[in-house]
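Here is the structure we will look at.
The values are calculated or read from the model by the stated rules, or taken from the named source; none is laboratory data. Remember, predicted model here, so these are calculated numbers, not experimental data. All Cβ positions, even for glycine, are placed from backbone atoms using ideal geometry, and neighbour counts span all protein chains on display. Side chains are part of the model used for accessible areas, which takes the heavy atoms of the whole protein and leaves out ligands, DNA and RNA. Shrake-Rupley method; radii C 1.70, N 1.55, O 1.52, S 1.80 Å.
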Amino acid sequence: IDFDLILENVKDLNMLAGEGTAQIEHTPGGARLRQAEPLPLTLYQNGIVMSNGPFRPYEEPSTQQCLQDIMDGYFPSELQRRYPDGI
C-alpha cells in the first residue's frame, strides 16, 4: 500500500469535492450557506476506519478495493450508493 500516494490523492479528491467551499441551500424562508459534511478516513498500520464505521483490516477485499480506488485517483466506488450524485 502506497500511503504517500493515498494521502496525495485524498488531498486532490478533497479539492475536487469542494473542500473549504460552501453551497447555497434553499430553505422555505430563504437560503443559507452549507458546508460539505466531511467524510473521515483514518489510516492505521493494519487497517482503516472510514466514516466512524468499523475497523477494516487491509487484508479484507473491500478495504483493498477502497484503497485501490483512491490510489487510482477516484472516490471509493463503495460510496456510490451513499452519495449517488457524487460527494
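Say whether the condition of being modelled with pLDDT under 90, at positive phi, surrounded by 10 or more Cβ atoms within 10 Å (Cβ to Cβ) and not charged (D, E, K, R) is met by at least one residue in the range 61-84. Within the range 61-84 (the criterion being modelled with pLDDT under 90, at positive phi, surrounded by 10 or more Cβ atoms within 10 Å (Cβ to Cβ) and not charged (D, E, K, R)), the answer is no, since none of the residues qualifies. Residues that are in a helix (DSSP H, G or I) and in contact (Cβ under 8 Å) with a residue 12 or more places away in the chain within the range 52-75 comprise SER62, THR63, GLN65, CYS66, LEU67, ILE70, MET71, listed in sequence order. Inside the range 1-51, residues that are part of a helix (DSSP H, G or I) and open to solvent by 50 Å² or more (accessible area, probe 1.4 Å) make up a count of 10. Filtered by the rule that a residue be under 15 Å from the mean Cα position of the chain (by Cα) and at pLDDT 90 or above, the range 14-46 gives PRO40, LEU41, THR42, LEU43.
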